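Presented below is the structure to which this report refers.
The values are calculated or read from the model by the stated rules, or taken from the named source; none is laboratory data. All values reported here derive from a predicted model rather than from experimental measurement. Cβ placement follows ideal geometry from the backbone for every residue including glycine, while neighbour counts extend to all protein chains displayed.
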Amino acid sequence: MSELLRIEHISKRFGDFYANRDIGLTIESGEIHTLLGENGAGKSTLMNILIGLYQPTEGKIFLRGKEVRIESPSQAVNLGIGMVHQHFMLVDAMTVFENIILGDRRAKGLFVDRDARRKEIEDLAGRYGFNVQLDRLITEISVGEQQRVEILKALYRGAELLILDEPTAALTDIEVEGLFEVMEKLKAEGKSIIFISHKMREVLHISDRITILRAGENVGTVERGELDGQGLANLMIGRELSESHYEKHEPDGRTVAVMDHISYHKDSKHNGLNDVTMKIHAGEIVGIAGVDGNGQTQLAQILTGVIAPEEGSLSLKDSRVSAFDPLEFIRSGTAHVPEDRNLQGLVSDMSIADNLVLKRTETEQFSRGHGLLLKRKAISSYAADMAEKYDIRCRSIEQDVRSLSGGNQQKVILAREMESGPDLLVVAHPTRGLDIGATRFVRDQMVAARDRGVGVLLISADFDEILEMSDRILVLFEGQIMGEYSGKNPPIDEISMAMTGK
Ligand SMILES: Nc1ncnc2c1ncn2[C@@H]1O[C@H](COP(=O)(O)OP(=O)(O)OP(=O)(O)O)[C@@H](O)[C@H]1O
Ligand SMILES: [Mg+2]
């Protein structure tokens, strides 16, 4: 093996805060090198330096032994470095083909030899066993397919080093397997991959070497097999994390929500619900298993009053809902941890403190005259308590929410929703993108809520999470409930089959 990339003493400072500090690292040709670290450890920052989006405050980068300065993403492309970002950067309104050739440096002016390009892309896709439909719009294809398009785009531009920043966070298990096959093929051709993931099972499976970042520093690089998951986790968070185990619960008889023959856009197999009948009891976690995009979003939206069903009825705490209005639902005790925390959960240019009291600014606790005059002191001291209780890692509660790392943003939402004293808690993908410690924390909180008598509906694309957390499991496929299973010794194979409609 030969060294492809070496970085020496790289630091990146934002104001007086070091996101990366004195990092050294080498990437060999033909290796899969994983970066592991808690939320906010500095992984994406370091990758953004390699791709030319950020300039390091200090330090040097060498490519094949020669020092390089990477001043822009297009320069990174020229150097053979490609990246698939944590949040995809495809243009929705364009086709797959147009996205791949976008910004192609060989395209002169407006004239692109489309047929030749097509042929090249088709050959490349064939080589890696990618099944992509070049003429579909980005909005028409699945997340897994979008990801293949991103990878294809990077390869088409000649990437020798491919950076994958949490590529598996939104993929199904089968799609992850497909991605891993592609990674192995690239590796066999001598290409190098930097892989980022919070899922220990994946990291142990795919990595040749693993580098652990903690609080912006490299705390060690290990060879495959040198440490097990527990060992890696300990190195990553700097303390022992015990094994988790959650007891399953029998709920008491009260229901907090009953859906009775509910339909919404029932002919739309991916964005609708078809004759859904289900109950959520006080003191239970009902897990919805299923591949994303089989009606989960609509289920959560109906239960939180965002959309109204076209057929059927919903009762909350035994009273039938007449008006579907999110504010009314909040007042009657429904809390919601939404699937997209950036779009629905938080106001990113408001402070942590203001986000924490967002839905309660009209209460006497936080204002005079129903929101007319805010009690700033009360808000501050409440926010400080919450930051402590929920371990929200920040410099100040007056900091904008957007400057927090992903995991810490999620804790802000969770604190706000849990502390509203709900009867029904609707939670979508609560641990997506969270590190091990934050994941544990969020799960503990859900169980604590259940034990206080809250009815929890858990939607998650992470099958392990559904199995571990749920007292009862319902499978959703193309808008229909395909089966109901007890959370104690659930029939895993049967549930997996039901998830694909079999
Ligand atoms: N543009 C910025 N301005 C100020 N602080 C920033 C900026 N970008 C990142 N940070 C801070 O740098 C730290 C590292 O962030 P980074 O996004 O690299 O973490 P990460 O390891 O990728 O985390 P995650 O697993 O949540 O994606 C965080 O504390 C973050 O708040
Ligand atoms: Mg990141």
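The figures follow:
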item: Per-region count, the stretch 49-60, residues farther than 11 Å from S11 by Cα and crowded, with 20+ Cβ neighbours inside 10 Å; result: 3
item: Search result, residues across the stretch 9-67 that are within 11 Å of ligand 1 (Cβ to nearest atom) and among the polar types (S, T, N, Q); result: N20, N39, S44, T45, N48
item: I379 being modelled with pLDDT of 90 or more, outside any helix (DSSP H, G or I), more than 30 Å from M259 (Cβ to Cβ) and hydrophobic (A, V, I, L, M, F, W, C); result: no
item: Spans of strands (runs of 3 or more DSSP E) in the stretch 208-298 with at least 1 residues closer than 23 Å to R440 by Cα and either out of contact with any Ser or Thr (no Cβ under 6 Å at 6 or more places or on another chain) or assigned by TED's automatic domain parsing to the domain that holds E311 (or both); result: 209-214, 217-223, 285-289
item: Index of the failed condition, T26 passing every other in (1) touching a residue at least 24 places away in the same chain (Cβ under 8 Å); (2) away from ligand 2 (no atom under 16 Å from the Cβ); (3) in a strand (DSSP E or B); result: (1)
item: Residues that are under 27 Å from G15 (Cβ atoms), more than 11 Å from ligand 1 (Cβ to nearest atom) and either more than 20 Å from the chain's Cα centre (by Cα) or assigned by TED's automatic domain parsing to the domain that holds G433 (or both), drawn from the stretch 390-421; result: S396, I397, E398
item: Inter-residue pairs, beta-carbon under 9 Å, first under 15 Å from L458 (Cα atoms) and in the stretch 258-286, second acidic (D, E) and crowded, with 20+ Cβ neighbours inside 10 Å, 6+ apart; result: H281/D471; G283/D471; E284/D471; I285/D471; V286/D471
item: Selection within the stretch 361-375 - charged (D, E, K, R) and under 17 Å from I330 (Cα atoms); result: E362, E364
item: Qualifying residues in the stretch 160-191 (those that are more than 16 Å from ligand 1 (Cβ to nearest atom) and at pLDDT below 85) - the one nearest to R127 (Cα to Cα); result: E175
item: Residue check, L36 touching a residue at least 60 places away in the same chain (Cβ under 8 Å) and assigned by TED's automatic domain parsing to the domain that holds S207; result: yes
item: I466 being in a helix (DSSP H, G or I), away from ligand 1 (no atom under 16 Å from the Cβ) and crowded, with 23+ Cβ neighbours inside 10 Å; result: yes
